[in-house]
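Asks: Below is a structure I'd like to ask you about.
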Amino acid sequence: MNKNFLLIVGFLTATVYGSNFQGTGFGQTAKIAKHEALSDLSQTIKSEVQSTFNIHKSSTRSSADSASSQDIQISSNLPIIGAEFELFDNPKNIEALVTLNEIKAQKLYTEKLQTLLIEIKSYEQKIEKTKNSVELSKLLQLQLGVLNEYNRYKSVAIIVGVESIKKLPTNSAKIKSKLLALQSNIDSIAMASTLLATSFKKYHDIYLYPPKQSQSHEITPFAKAVKLELSPKLHTALYPVKASYYLIGEYSKANNGLVLNYSLLDVVKHETVASRTVVLQSKAYKNIRTEPKSISFDKLLHEGVVVSNDFKVSLATNKGSEDLLFTSGEELELMVKLNKRGYIYIVGYTQTESSKQAYLLELQEANSDAKFTQFINADDANKWISLGAFTVEAPFGIESIQVVASNKPIKQLPSHFYHDRSGYYLLEGKTVSESLLKTRGLLRKKPKQDVIVKSEAVLMFTTMKK
């Protein structure tokens, strides 16, 4: 990423107080403020789910438990039910405070999971009795859609303390395997996109995300090709903030095919309103890369994030914060938001076909290392702060952004040097992974009152030619 490249970093400010989860949002209207507050709350719950998910993966020895954990939907589009709002008028905008009470939420999420479980079991019974392959394919797709919705609610249910979560009669891997055996006639991405579009063509203002492979944040050439084919067939919105629906895709490989699923989420309700699954023959994506390249670094970047319940920072772009793909010449904006006054610095990680590097991003004009840090005052807490505009230019590859925030002035930055040829302030680690690990060991806690609190957020996106 060169100096003409635009990024957006967004920080969401939800906090946990006792048995309540809270989020804050600001906007010129109550609707916008509520939406920001819900996104804030969802981001905090996402962090909690991510942490629980990682602990589960490292501790379980059961292959069944491990497979089940893979179904957990770790995204910022988690469903929030039973939240209560308070609105406050400020001189320039409206502030919304949203609260999710843990005790109340346990009852609501338990009831929702029970309803979805009954629906999943009903489809399972119909599937066992159905002999017609066309009807069976439809039932499997419907069941997969409900299963995905179940897992989204399950993610939040675990965090609010629901303990009696029933075992499902099936899982997504089994359903996809059955679909793969039934569907084998889709021999092009164009044909797959046409079939997908039939399920979503009646909806308007859809923001279309490129599909990603399970448990990866990288957008592959296959994902780009799907988005390019599908987008003209839908009524799309240019940016997520203008959308009424998000169309979110995921794919997985099995045997000689690939299972591609898209779900349409209502932006306001955070509920799935439609879904569709198609199976592509291997020749449909021949010579198009489907496997992510940076799986190990992706895992290290996202699973090692340092978070604090009291002091938080997050990242986003004008096209959201997940499943991000930008093409040459496209403009982005980088922004940051803290929930309290604090200091930040940003590290970028670039991985292209020819090189890998980590660098400090300049945030302001200065002759010293002060150029890499920025102070966010109390008046700007909970507000998006723009860090500049950039355009996407070669070389293209995987870009990752890490923002590190502290409640105290940052006196120690990662060791770095100026590289004349590239114009970057490169980190001195031998690899990008080594550089990343060093940024996570910089700030030490001091005793008693004078405590340094550190928080972190990360963002990964892919850049390609048009």
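The values are calculated or read from the model by the stated rules, or taken from the named source; none is laboratory data. Just so it is clear, the model here is predicted, and its values are computed rather than measured. Cβ: placed from backbone, ideal geometry, glycine included. Neighbour counts: every protein chain shown.
Asks: Within the stretch 63-76, is even one residue modelled with pLDDT of 55 or more, surrounded by fewer than 16 Cβ atoms within 10 Å (Cβ to Cβ) and either among the charged types (D, E, K, R) or not in a loop (DSSP other than H, G, I, E, B) (or both)?
Replies: Scanning the stretch 63-76, I find no residue that is modelled with pLDDT of 55 or more, surrounded by fewer than 16 Cβ atoms within 10 Å (Cβ to Cβ) and either among the charged types (D, E, K, R) or not in a loop (DSSP other than H, G, I, E, B) (or both), so the answer is no.
Asks: Grab the strands (runs of 3 or more DSSP E) fully contained in the stretch 385-424, keeping just those with 3 or more residues being under 23 Å from the mean Cα position of the chain (by Cα) and at pLDDT below 90.
Replies: On the way: elements: 385-391, 397-406, 416-419.
Once the strands (runs of 3 or more DSSP E) in the stretch 385-424 are filtered for at least 3 residues that are under 23 Å from the mean Cα position of the chain (by Cα) and at pLDDT below 90, what remains is 385-391, 397-406.
Asks: Taking the criterion of being modelled with pLDDT of 85 or more and farther than 24 Å from Leu265 by Cα, would at least one residue in the stretch 188-200 satisfy it?
Replies: Step one: list which residues in the stretch 188-200 are modelled with pLDDT of 85 or more, which gives 188-200.
In the following step, the residues that additionally are farther than 24 Å from Leu265 by Cα were identified as 188.
For the stretch 188-200, residues modelled with pLDDT of 85 or more and farther than 24 Å from Leu265 by Cα: present.
Asks: I've got another one for you. Can we say Leu265 is over 30 Å from Val336 (Cα atoms), outside the structural domain of Leu78 (by TED's automatic domain parsing), aliphatic (A, V, I, L, M) and modelled with pLDDT of 90 or more? Working first, answer last.
Replies: On the way: over 30 Å from Val336 (Cα atoms): no; outside the structural domain of Leu78 (by TED's automatic domain parsing): yes; aliphatic (A, V, I, L, M): yes; modelled with pLDDT of 90 or more: yes.
So Leu265 does not fit the description; no.
Asks: Of all residues in the stretch 393-422, which are more than 18 Å from Gln351 (Cβ to Cβ) and among the small types (Gly, Ala, Ser)?
Replies: Residues satisfying the conditions are Ala405, Ser406, Ser415.
Asks: Being of a type in the set (Lys, Arg), within 28 Å of Leu208 (Cβ to Cβ) and modelled with pLDDT of 75 or more is the filter here, so list the residues in the stretch 288-318 that pass it. First the steps, then the outcome.
Replies: Quick first cut of the stretch 288-318, residues of a type in the set (Lys, Arg) only: 289, 293, 299, 312.
Remaining after also requiring within 28 Å of Leu208 (Cβ to Cβ): 289, 293, 299.
Those that are of a type in the set (Lys, Arg), within 28 Å of Leu208 (Cβ to Cβ) and modelled with pLDDT of 75 or more: Arg289, Lys293.
Asks: Could you check how many residues of the stretch 182-224 are over 17 Å from the mean Cα position of the chain (by Cα), assigned to a loop (DSSP other than H, G, I, E, B) and touching a residue at least 24 places away in the same chain (Cβ under 8 Å)?
Replies: 9
Asks: Scanning for something at pLDDT below 90, in contact with an Asp or Glu (Cβ under 8 Å, 6 or more places away or on another chain) and not assigned by TED's automatic domain parsing to the domain that holds Gly145, does the stretch 237-246 turn up at least one residue?
Replies: Scanning the stretch 237-246, I find at least one residue that is at pLDDT below 90, in contact with an Asp or Glu (Cβ under 8 Å, 6 or more places away or on another chain) and not assigned by TED's automatic domain parsing to the domain that holds Gly145, so the answer is yes.
Asks: For Tyr251, indicate whether it is buried (at least 22 other Cβ atoms within 10 Å of the Cβ), under 29 Å from Lys356 (Cα atoms) and in contact (Cβ under 8 Å) with a residue 12 or more places away in the chain.
Replies: So Tyr251 passes the test.
Asks: Something else now. For the stretch 181-190, indicate whether the set of residues that are in contact with a strand residue (DSSP E or B) (Cβ under 7 Å, 6 or more places away or on another chain), farther than 12 Å from Leu280 by Cα and not aromatic (Phe, Trp, Tyr) is non-empty.
Replies: no
Asks: Across the stretch 121-149, which residue is nearest to Ser275 (Cα to Cα) among those that are among the polar types (S, T, N, Q) and assigned to a helix (DSSP H, G or I)?
Replies: Step one: list which residues in the stretch 121-149 are among the polar types (S, T, N, Q), which gives 122, 125, 130, 132-133, 137, 141, 143, 148.
With the extra rule that they be assigned to a helix (DSSP H, G or I), the set shrinks to 122, 125, 133, 137, 141, 143, 148.
Details: Ser122: 18, Gln125: 20, Ser133: 19, Ser137: 13, Gln141: 8, Gln143: 10, Asn148: 10 Å.
Residue satisfying both the conditions and the ranking: Gln141.
Asks: A further question follows. Has the stretch 107-120 got any residue that is over 27 Å from the mean Cα position of the chain (by Cα), under 20 Å from Pro169 (Cα atoms) and either crowded, with 16+ Cβ neighbours inside 10 Å or without any contact (Cβ under 8 Å) to a residue 60 or more places away in the chain (or both)?
Replies: Checked against the condition, which is being over 27 Å from the mean Cα position of the chain (by Cα), under 20 Å from Pro169 (Cα atoms) and either crowded, with 16+ Cβ neighbours inside 10 Å or without any contact (Cβ under 8 Å) to a residue 60 or more places away in the chain (or both), the stretch 107-120 yields at least one hit.
Asks: Let me ask something additional. Filter the stretch 168-219 down to the residues that are polar (S, T, N, Q), closer than 29 Å to Val458 by Cβ and in the same structural domain as Gly145 (by TED's automatic domain parsing) and list them by number.
Replies: Step one: filter the stretch 168-219 for residues polar (S, T, N, Q), giving 170-172, 177, 183-185, 188, 193-194, 198-199, 213-216.
Within this subset, residues satisfying the condition of being closer than 29 Å to Val458 by Cβ are 171-172, 213-216.
Of everything in the stretch 168-219, those that are polar (S, T, N, Q), closer than 29 Å to Val458 by Cβ and in the same structural domain as Gly145 (by TED's automatic domain parsing) turn out to be Asn171, Ser172.
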